[in-house]
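Participant: The structure that follows is given in the form of structure tokens.
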Amino acid sequence: MAIEIEQPSVGLSRVAVSKTHGEDSPYFAGWKAYDENPYDGESNRSGVIQMGLAENQVSFDLLEKYLEEHPEASCWGPGFKENALFQDYHGLKSFRQAMANFMEKIRGGSVKFDPNRIVLTAGATAANELLTFVLANPGDALLVPTPYYPGFDRDLMWRTGVKIVPIHCESSNNFQVTAGALESAYEHAESMNLNVRGVLITNPSNPLGLTIQRCTLELILDFAVRKNVHLVSDEIYSGSTFSPSEFISIAEILRDRGYIKAETERVHIVYSLSKDLGLPGFRVGTVYSYNDSVVTAARRMSSFTLISSQTQHLLACMLSNEEFTGNYIKTNRERLTKRHETIVEGLRIAGIECLKGNAGLFCWMNLSPLLAEPTRGGELALWKTILTEVRLNISPGSSCHCSEPGWFRVCFANMSEQTLGVALERIHKFMGQRKNH
Amino acid sequence: MRLVVPLQGVVQGRGGLIFGSLIPCALFYFLQLYLKRHRSPNSRSNPPSPSASAQNLAELTRTSSRSNLLSRGSIVPVLISSLATSISKPNDSPYYIGLDKASEDPYDRIDNPDGVIQLGLSENRLCFDLIEKWMLENLKDSMRGREEGDLSISGIASYQPLDGTMELKMAMAGFMSRVMGGAVSFEPSQMVLTAGATPAIETLCFCLADHGNAFLVPTPYYPGFDRDMKWRTGVELIPVHCRNTDNFMLSISALNQAFNQTRKRGTKIRGILLSNPANPVGNLLSREMLCDLLYFAREKNIHIISDEIFAGSIYENEEFVSIADVVDSEDFDKSRVHIVYGLSKDLSLPGFRVGMIYSFNENVLAAARKLTRFSSISAPTQRLLVSILSDARFIEEYMATNKKRIRNMHDLFVAGLEGLGIRCADSSAGLYCWADMSKLILTYGEKGELELWEKLLHVAKINITPGSACHCIEPGWFRCCFTTLDKEDIPVVMERIRKLADTRAASRG
């Protein structure tokens, strides 16, 4: 939605002045509060603890060890010139191969990925936007189950001009997508004269921290086939599941059904190394598509978002190292599981229930009993209190378009164990105080 | 007989003893049936593993209803966007066709002497030895963690500011200033870093113009602008023709005429897109012209984007004047001026994807900063560049050597062409020359030019860029990039052109 800014001299575009980037929402306002007063275990123990950033810092030591032991990843030797000149949007073959292998490994080797179907982008943010440009025209719609990652409003809608129509999910069935919810969303889009072009799911889900069940995936795929629309599966947290057997990729569903063209031609997977490998600074994302036209168009469009050839080289070395990747995936999973158990237990002792999650870098907390009124306003008031009094930045469900007020996403992997302990203490104290009132 | 062996396998496998003997038989039979029915012609499909389980059985019974769904469902293939459809079409621009052909059959003096010589890519390969030497001596230290704060892996692994780290912005500010002769200083806080100049230009366009608006662009211009500025933004590029008689220098009257004509047909002009140094001609805009352009922009209330990506590739002793220098020294409205820069040309690192938007307009910077999330520079690369750009001694040596080597190649190449009767436009910068090959055209006009281009590519096996791909109004001009060559290759190029020219002269009688 464009907002007119007084321009005394020369004007800007609608994109530039629009608020679709969403950075004025509480999701981002909390980050600002953190930036202004960040917690530090030594120098600022009363600062704001950042629990609104889904970053994985629990396995840095493994990355560091690899880089120490493998200097050839950071240097090039005789290949430097070719690498420095390499700006081909196909991407380094060795890197695409390594990414395909890594994606296969995460899925326990149960599906194969073809490196020639991998399109590289500078992060999953770019991958999601790029796919939207490729699959939908301005003014078309994508159906997205709620609650969803707040960044989608910006990534899928801002420059593309595409609309998100929510598929409303409810706590009564753990926020799983139902056939009824899909149909409702589709009808709602139609009633607004919007052309639905696809469904975008996140599996494992952000902010729920839960993998999507097989039957739900099949239901969604059948719906996509029936309506002849696309299905984008953002599997960015696929390596962050606590138990490997609980994650089912849409790729496995396709495989189980025999890779029928009528199904595969509409399925696209988004992946990235920002969460599973804890490397968001590297800016590495991919679009994996079973549709040749999509691969071609996406690849050409990726000129606007190429990954540094230096980084591609480094990661090609790292991800081709079977010993490293095997150990990393296993150890990372174990550590995340432990962190998750710690926070869930800590919250339970404080009297807070979470959705029973099995993946991701966060928990989906139910604070609805604490709301002064069961409304969005009540939720935001509680969020503000927690930010200013408890000094924790957590993400309110309304930023994620959750239809039920009172749910909050709290991240647990972007801090040390000690900091997590401090955060839990603060929560415990806060809950204790509330009980006494 | 066939069932006995797999039966044993099943009983000993994951199904375990629970399944007894009859159930595995039945399940395996159904499995065979399932496989027969769903054998896809696609070689990528791998059949499910033979460890039978109840779940497989459940799936098998669902099979028939799903195949009904599919046969009812999609006879019509699923649609992609109009944008995607137009992008996926085979490239019809000679610029891209030439690049593809040259990469399929690349010339190598020893391994492939009959290959296509690449003169269509403005890449600078003349000073890699210097960069390689620097890497050998400094890389390990620059990449490894040191004690000073956030230089360990966590320093580059975590989320960085999406518009670039302050360290890199400061290093880039210093580098740009040196590149542009030290006449102007750049403010790191006015920079937004992007993964290459390509997204920098597109992002600027998204900030300054709406779908359907237009930019005035002097011709001939870099063919990539048609992609970068138009594809996803929906913006139009209006050519402002420059001619050989003026040595392809822009004139305000031509600009004015184009502006008025465009406005008459109801299209809103949002700005002028300049390349300075110019690509493909290689000439520089004078201080006076820059002032005139700023007056013009103020009068029409439009923006100016100045793509200065070749600022460090000046080989003559002419002074380069950045538009930043002019707005600083005169009293112009800075809010309409934006510069695009990058390290692909001046530091020969196109693979690393380092570009920037430099603007004096806070609102543009605020919007651009948010947009860079879609095209941020990779953190390890940022760290490496901070090291290399901060090495003042190396940068000085590099720039001096680079200038010398470009000039040498330029002089040799241009002399070679002159020996064939081919004249080049006056230029003082860039990695290319702008050659007048109109004498070699059989029928004067765009068709004739393209015919010559095709013969040069397929017969003479040299990839050069025809002026029509650059929207040049006068046929016969070609851009030849000479910085991807070794000195020894120049006679080879000239010989091939001569052979073709002789053939054509002979056929003309």
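Participant: Can you give the FRET efficiency for A:ALA372 and A:LYS338, using 1/(1 + (r/R0)^6), R0 = 30 Å, r = Cβ-Cβ distance, to the nearest 0.05?
Facilitator: In this case the efficiency is close to 0.30.
Participant: Here is a further query. Three principal axis extents, largest first, for the C-alpha atoms of chain A, in Å?
Facilitator: Projected onto the principal axes, the Cα atoms of chain A cover 66, 58, 58 Å.
Participant: Taking H placed 1.01 Å from N in the peptide plane, check which residues at least 5 places from A:THR241 or on another chain put their amide H under 5 Å from its amide H.
Facilitator: A:GLY360
Participant: Give me the net charge of A:ILE212's neighbourhood, meaning all other residues with Cβ under 13 Å from the Cβ of A:ILE212; Lys, Arg count +1, Asp, Glu -1.
Facilitator: On the way: positive: A:ARG214; negative: A:GLU218, A:ASP234, A:GLU235, A:GLU246, A:GLU252.
Here the charged neighbours net out to -4.
Participant: Can you give the FRET efficiency to the nearest 0.05 for B:LYS404 and B:LYS439, using r as the Cβ-Cβ distance and R₀ = 35 Å?
Facilitator: Efficiency computed from Cβ-Cβ geometry: 0.65.
Participant: Still on this structure, I have one more. Could you please report the charge total around B:SER306, scoring K, R as +1 and D, E as -1 over all other residues with beta-carbon less than 12 angstrom from its beta-carbon?
Facilitator: -2
Participant: Starting from the Cα of B:LYS499, draw a straight line to each of the lysines and keep only those under 25 Å, dropping any in the same chain fewer than 8 residues away.
Facilitator: Qualifying lysines at Cα under 25 Å: B:LYS101, B:LYS439, B:LYS447, B:LYS455, B:LYS461, B:LYS487.
Participant: DSSP loop GluC sites (Glu not before Pro) in the range A:10-70 with at most 11 other Cβ atoms within 10 Å of their Cβ, which ones?
Facilitator: Qualifying residues, ordered by number: A:GLU42.
Participant: Please go through the residue pairs A:LYS105/A:LYS261; A:LYS105/B:LYS230; A:LYS330/A:LYS384; B:LYS268/B:LYS345; A:LYS19/B:LYS169 and name each one whose alpha carbons sit more than 31 Å apart in this structure.
Facilitator: Table pairs above 31 Å Cα-Cα are A:LYS105/B:LYS230; A:LYS330/A:LYS384; B:LYS268/B:LYS345.
Participant: Related question: In nm, give the distance between the simple-model label positions of A:GLN213 and B:SER390, each being 7 Å from the Cα along the Cα-to-Cβ direction.
Facilitator: 5.5 nm
Participant: Work out, step by step, the length gained on full extension between B:ARG287 and B:GLU318: first 0.36 nm times the residue separation, then minus their alpha carbon distance; give nm to one decimal.
Facilitator: Gain in length upon complete extension: 10.0 nm.
Participant: Return, ordered by residue number, the residues of the range B:99-116 whose backbone nitrogen is under 16 Å from a label point located 7 Å along Cα→Cβ of A:HIS90.
Facilitator: B:99-107
Participant: Taking the Cβ of each residue in A:THR178, A:THR125 as the centre, tally the other Cβ atoms inside 10 Å and list the residues starting with the fewest.
Facilitator: Fewest-to-most Cβ neighbours within 10 Å comes out as A:THR178, A:THR125.
Participant: What residues qualify as long-range amide H neighbours of A:VAL267, i.e. H under 5 Å apart, gap of 5 or more or another chain, H built at 1.01 Å from N?
Facilitator: Counting only residues 5 or more places away or on other chains, the set is A:LEU231, A:TYR290.
Participant: Within 10 Å of each Cβ in peptide A:246-258, how many partner chain Cβ atoms are there on average? Round it to a whole number, please.
Facilitator: Taking the mean over all residues of the peptide, I get 2.
Participant: Per 0.36 nm of contour for each residue apart, how much would the distance between B:ASP486 and B:LYS230 grow if the chain were fully extended, relative to their Cα-Cα spacing?
Facilitator: On the way: separation 256, 0.36 × 256 = 92.16 nm, distance 3.55 nm.
88.6 nm is the gain from fully extending B:ASP486 to B:LYS230.
Participant: A further question follows. Name the residues whose placed amide hydrogens come within less than 5 Å of the amide hydrogen of B:ILE339, ignoring near sequence neighbours (fewer than 5 apart) on the same chain.
Facilitator: Result for B:ILE339 returns B:SER306, B:TYR358, B:SER359.
Participant: Label B:GLU451 and A:GLU68 with points 7 Å out from Cα along Cα→Cβ: what is the distance between them in nm?
Facilitator: Label-label distance for B:GLU451 and A:GLU68, simple model: 7.0 nm.
Participant: I need the P(r) histogram for the range A:1-147: all alpha carbon pairs, bin width 5 Å from 0 out to the longest distance, whole percents.
Facilitator: The calculated distribution, bin by bin, is 2, 6, 7, 11, 14, 14, 13, 13, 12, 6, 2, 0, 0.
Participant: A further question on this structure: Rounded, prolate or oblate: which one fits the range A:139-283, using the alpha carbon gyration tensor with axes a ≥ b ≥ c (rounded when a/c is under 1.5, else prolate when a/b beats b/c, else oblate)?
Facilitator: Here the range A:139-283 falls in the rounded category.
Participant: Which value in nm describes the separation of the simple spin-label points at A:SER172 and B:ASP105, placed 7 Å from the Cα toward the beta carbon?
Facilitator: 6.9 nm
Participant: If the viscosity is 1.002 mPa s and the temperature 20 °C, what Stokes-Einstein diffusion coefficient in µm²/s follows for the protein assembly as shown when Rh is the Kirkwood radius over Cα pairs?
Facilitator: Approximately 71 µm²/s, per Stokes-Einstein.
Participant: For A:ASN195 and A:GLN418, calculate 0.36 nm times their separation in residues minus their Cα-Cα distance, and state this gained length in nm to one decimal.
Facilitator: This chain segment gains 75.3 nm when fully extended.
Participant: Please say if the range B:381-509 is rounded, prolate or oblate, where rounded means a/c under 1.5 for a ≥ b ≥ c the square roots of the C-alpha gyration tensor eigenvalues, and otherwise the choice is prolate for a/b larger than b/c and oblate otherwise?
Facilitator: Verdict is prolate for the range B:381-509.
Participant: P(r) tail for the range A:329-437, what percent of Cα pairs lie past 23 Å?
Facilitator: Value for the range A:329-437: 25 percent of Cα pairs lie more than 23 Å apart.
Participant: Which three lengths, in whole Å and largest first, does the range B:310-410 cover when its Cα atoms are put on their principal axes?
Facilitator: Sorted largest first, the three principal extents are 43, 38, 23 Å.
Participant: Would you tally the net charge around A:MET301, using a Cβ to Cβ cut-off of less than 11 Å, leaving A:MET301 out, and scoring K and R as +1, D and E as -1? Walk me through the numbers before you get to the answer.
Facilitator: Working: positive: A:ARG299, A:ARG300, B:ARG227, B:ARG232; negative: A:GLU129, B:GLU202.
Taking every other residue near A:MET301 into account, the sum is +2.
Participant: Additional query: Only sites in a loop by DSSP and with at most 15 other Cβ atoms within 10 Å count here; which trypsin sites (Lys or Arg not before Pro) in the range B:243-330 make the cut?
Facilitator: Hits after loop and neighbour filter: B:ARG243, B:ARG265, B:LYS268.
Throughout, read-outs are computed from the coordinates displayed, never taken from laboratory work. Just so we're clear, the structure is a prediction, and the values are computed from it rather than from any experiment. Here Cβ is always computed from backbone atoms with ideal geometry, including for glycine, and neighbour counts include all displayed protein chains.
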